[in-house]
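Participant: What follows is a structure written as C-alpha cells; I'll ask about it next.
The values are calculated or read from the model by the stated rules, or taken from the named source; none is laboratory data. Fair warning: this is a prediction, and the values are worked out from it, not measured in the lab. Using ideal geometry, Cβ is built from the backbone for each residue, glycine included, and neighbour counts are taken over all protein chains shown. Surface accessibility is based on the protein's heavy atoms, side chains included, excluding ligands, DNA and RNA. Shrake-Rupley method; radii C 1.70, N 1.55, O 1.52, S 1.80 Å.
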Amino acid sequence: MDWSRTKTIFIITFLLLNIFLTWQLIETHNMNQISLITEATIQEVLRENNVTIEIELPEEESPGLLVVGKQVELSLDDIPALDDQEIDYLDSHTILSELEEPFALTREGFASELPAFLSTYVFEGDNYRFGGFDSERNRVYLYQAYGEKTAYTLDDEPLVLQLDEHLQIISYQQRYFQFEQQDGEEREMLSSLKAIEVLLNDQLVRMNQTISDVQFGYYSFFSPTGDVQVFAPMWRIKVDGEEYLVHAIGGSVQQLT
C-alpha cells in the first residue's frame, strides 16, 4: 500500500469536506438573512399603508402535511354508557341523541358550561371545540380537535347541539373522526406574517385597515369521499370584519365572509 498517496487522499478529502460544510453554513446564513430582510420589508409595507395588527402574530411549528380524517363507525357496543339519553342511528357514522332532561346553557356561559356537558353526555366529548351559535335555529356547532388545533369541516359540523327556546340542550347529532397525517414529503409552511403578505399582494389588505385576528387550523372544504375527508393547514385572518383563509402550504386564498 502506498501510504504517502493514501495520506494525500485523506488530506484532500478532509479539505473538500471542510469547504462543503463552510459553503452550507454560508448558504444557511444567507437564507436566514434573506428571511429576516423579507419579514422586515413586509412590516415596513404594513406601516407605510397604516395597516394595524391588533394581536401578537402566532408562530406555528406543525409539519407541512395534509391531514386525513376518517369517520368512525359509531357502535353502541364500543361506546361507553352515555347516561340520561336515548341514542338512535342516522347512519353507520352518525348518531342522534335525545336527552331525557334538558341541559341548561346561557348565552354568556357557552365557553364555561359546554365542557361539562361534553364530558358527561358526548362520546369523546373532550375532543370537540366550540365553533359557533346559530340564534335563528338555536343550534351550537362544534368541531373536532386535531392535537392542539381545530379541524374545521365547513358547513358540515361533526357535532351539532339542538337547544330549545330557553337555551337548554335537548338533543345532539354527532360524527367522530380519527386523524392521521397524510404520507408524503413535508413542505415548508408560510408563517403568519407571510400569509398576511399574500393578502397584501392580492390587495385584500388595503390602506388604513386593521387585522384583528390570526389563527392556525386545519380545514376541509369538500364533501367526504366515502368516509374520508382531507384537511389542509391554513391561516384564518380577520381584516375589518372580512375573514380569509390562506393555505399554509400553497398560498391560495379563500374568503369566508
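Participant: Given (1) more than 26 Å from the chain's Cα centre (by Cα); (2) open to solvent by less than 90 Å² (accessible area, probe 1.4 Å); (3) modelled with pLDDT of 85 or more; (4) closer than 30 Å to residue 207 by Cα, where does residue 47 come up short, assuming only one miss?
Facilitator: Every listed condition holds for residue 47 apart from (2).
Participant: Here's another thing I want to ask about it. Listed residues 167, 159; which is in contact with a Ser or Thr (Cβ under 9 Å, 6 or more places away or on another chain), of a type outside the set (S, T, N, Q), in contact (Cβ under 8 Å) with a residue 24 or more places away in the chain and more than 25 Å from residue 244 (Cβ to Cβ)?
Facilitator: Just a single option satisfies the conditions, and that option is 167.
Participant: I need every pair where a residue in the stretch 177-194 that is loosely packed, with under 11 Cβ neighbours inside 10 Å has its Cβ under 9 Å from the Cβ of a residue that is part of a helix (DSSP H, G or I) and β-branched (Val, Ile, Thr), sequence separation at least 6 or different chains.
Facilitator: none
Participant: Is it the case that some residue within the stretch 60-75 is farther than 28 Å from residue 170 by Cα and among the acidic types (Asp, Glu)?
Facilitator: Looking for residues that are farther than 28 Å from residue 170 by Cα and among the acidic types (Asp, Glu), one finds at least one in the stretch 60-75, hence yes.
Participant: Also: From the set of residues in the stretch 195-217 that are free of Cβ contacts under 8 Å to residues at least 60 places away in the same chain, outside any loop (DSSP other than H, G, I, E, B) and open to solvent by less than 80 Å² (accessible area, probe 1.4 Å), which is nearest to residue 55 (Cα to Cα)?
Facilitator: Residue satisfying both the conditions and the ranking: 195.
Participant: Report, by residue number, each residue of the stretch 46-72 that is more than 20 Å from residue 152 (Cα to Cα) and in a loop (DSSP other than H, G, I, E, B).
Facilitator: 49, 50, 51, 54, 55, 56, 57
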